[in-house]
Amino acid sequence: MRAVEGAKFGSKNKEDAQTEAARLLDEVDNSSGDLAMRYLVTGSADYERAFTKLLRHGSDVMCTPEERQALVRSQLLGTDANGGYAVPFQLDRRSC
(Lines give C-alpha, C1' and ligand atoms only; values in the text may rest on other atoms or scores of the structure.)
Protein backbone atom coordinates (compact mmCIF):
# COMPACT_ATOMS: atom_id res chain seq x y z
CA MET A 1 0.00 0.00 0.00
CA ARG A 2 3.00 2.32 0.52
CA ALA A 3 3.61 2.36 -3.24
CA VAL A 4 -0.07 2.87 -4.01
CA GLU A 5 -0.50 5.73 -1.55
CA GLY A 6 2.50 7.62 -2.93
CA ALA A 7 1.80 6.98 -6.60
CA LYS A 8 0.84 9.55 -9.21
CA PHE A 9 -1.89 8.32 -11.51
CA GLY A 10 -1.90 10.98 -14.22
CA SER A 11 -5.36 11.74 -15.49
CA LYS A 12 -7.01 8.97 -13.46
CA ASN A 13 -8.94 9.83 -10.34
CA LYS A 14 -6.32 9.06 -7.67
CA GLU A 15 -8.81 7.84 -5.08
CA ASP A 16 -10.50 5.47 -7.53
CA ALA A 17 -7.14 4.13 -8.71
CA GLN A 18 -5.94 3.63 -5.13
CA THR A 19 -9.16 1.86 -4.21
CA GLU A 20 -8.87 -0.51 -7.16
CA ALA A 21 -5.17 -1.17 -6.49
CA ALA A 22 -5.96 -1.98 -2.85
CA ARG A 23 -8.76 -4.29 -3.92
CA LEU A 24 -6.40 -6.16 -6.24
CA LEU A 25 -3.85 -6.53 -3.45
CA ASP A 26 -6.51 -7.88 -1.09
CA GLU A 27 -8.43 -10.09 -3.52
CA VAL A 28 -6.13 -11.04 -6.40
CA ASP A 29 -2.52 -11.05 -5.18
CA ASN A 30 -1.11 -14.49 -4.43
CA SER A 31 0.32 -15.71 -1.13
CA SER A 32 3.85 -14.83 -2.34
CA GLY A 33 2.86 -11.18 -2.79
CA ASP A 34 3.88 -11.02 -6.46
CA LEU A 35 1.51 -8.13 -7.23
CA ALA A 36 2.67 -6.22 -4.16
CA MET A 37 6.28 -6.70 -5.25
CA ARG A 38 5.41 -5.41 -8.74
CA TYR A 39 3.83 -2.32 -7.17
CA LEU A 40 6.92 -1.67 -5.04
CA VAL A 41 9.42 -2.19 -7.86
CA THR A 42 7.63 -0.42 -10.71
CA GLY A 43 6.20 2.30 -8.48
CA SER A 44 9.52 3.48 -7.10
CA ALA A 45 10.76 6.94 -8.03
CA ASP A 46 14.00 5.46 -9.41
CA TYR A 47 12.07 3.09 -11.66
CA GLU A 48 9.72 5.79 -12.90
CA ARG A 49 12.67 8.02 -13.86
CA ALA A 50 14.51 5.11 -15.50
CA PHE A 51 11.44 4.03 -17.47
CA THR A 52 10.93 7.60 -18.72
CA LYS A 53 14.57 7.78 -19.82
CA LEU A 54 14.23 4.43 -21.61
CA LEU A 55 11.28 5.77 -23.56
CA ARG A 56 12.94 9.08 -24.28
CA HIS A 57 16.41 7.81 -25.24
CA GLY A 58 15.77 4.21 -26.30
CA SER A 59 18.32 2.83 -23.81
CA ASP A 60 19.51 3.19 -20.25
CA VAL A 61 22.48 5.33 -21.28
CA MET A 62 21.16 8.39 -19.41
CA CYS A 63 20.17 6.46 -16.27
CA THR A 64 21.93 6.85 -12.94
CA PRO A 65 23.32 3.74 -11.23
CA GLU A 66 20.28 3.73 -8.91
CA GLU A 67 17.91 3.87 -11.88
CA ARG A 68 19.76 1.03 -13.61
CA GLN A 69 19.45 -1.04 -10.45
CA ALA A 70 15.70 -0.38 -10.43
CA LEU A 71 15.55 -1.66 -14.02
CA VAL A 72 17.41 -4.81 -13.01
CA ARG A 73 14.96 -5.39 -10.14
CA SER A 74 12.06 -5.05 -12.58
CA GLN A 75 13.51 -7.74 -14.82
CA LEU A 76 13.47 -10.12 -11.87
CA LEU A 77 9.68 -9.79 -11.93
CA GLY A 78 9.68 -11.51 -15.32
CA THR A 79 9.81 -10.05 -18.79
CA ASP A 80 8.12 -10.74 -22.07
CA ALA A 81 9.70 -12.79 -24.86
CA ASN A 82 11.51 -9.67 -26.07
CA GLY A 83 13.17 -9.04 -22.70
CA GLY A 84 11.43 -5.72 -22.14
CA TYR A 85 10.78 -3.87 -18.91
CA ALA A 86 7.63 -3.81 -16.84
CA VAL A 87 5.34 -0.84 -17.29
CA PRO A 88 5.03 1.26 -14.11
CA PHE A 89 1.98 -0.09 -12.32
CA GLN A 90 0.20 3.28 -12.46
CA LEU A 91 0.13 2.99 -16.26
CA ASP A 92 -0.94 -0.66 -16.35
CA ARG A 93 -4.72 -0.87 -16.61
CA ARG A 94 -4.65 -4.35 -15.09
CA SER A 95 -2.92 -3.09 -11.93
CA CYS A 96 -5.29 -0.34 -10.86
Asp34-Ala22 pseudo-label distance in nm [points 7 Å out on the Cα-to-Cβ vector]: 2.5 nm
Give me the accessible area per residue for the chain, probe 1.4 Å, as a whole number in Å². 65 Å²
Quickly estimate the mean residue ellipticity at 222 nm for the chain, helices only: each DSSP H run with n ≥ 4 gives -39500 (n - 2.57), and the total goes over all residues, rounded to 500. -16000 deg cm²/dmol
Roughly how many percent of the accessible protein surface of the chain is carbon and sulfur, given a 1.4 Å probe and a whole-percent answer? 50 percent
Cα gyration tensor shape for segment 36-82, rounded if a/c is under 1.5, else prolate or oblate: oblate
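Output the direction-averaged projected area (hull surface divided by four) of the convex hull of the alpha-carbon atoms of segment 5-57, in nm². Kindly include the intermediate steps, with their values, before the conclusion.
Values: hull surface 16.9 nm².
For segment 5-57, averaging the hull's shadow over all directions gives 4.2 nm².
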Going toward the positive end of the dipole of the chain, with +1 on Lys and Arg Cβ and -1 on Asp and Glu Cβ, which of Met37, Gln90, Phe51 do you reach last? Phe51
Per residue, the convex hull enclosing the Cα atoms of the chain spans a volume in Å³ of 99 Å³
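The values are calculated or read from the model by the stated rules, or taken from the named source; none is laboratory data. In this text the structure is predicted, and so the values were computed from the model without any measurement. Neighbour counts run over all protein chains shown; Cβ positions are idealised from the backbone, glycine included. Side chains are part of the model used for accessible areas, which takes the heavy atoms of the whole protein and leaves out ligands, DNA and RNA. Shrake-Rupley method; radii C 1.70, N 1.55, O 1.52, S 1.80 Å.
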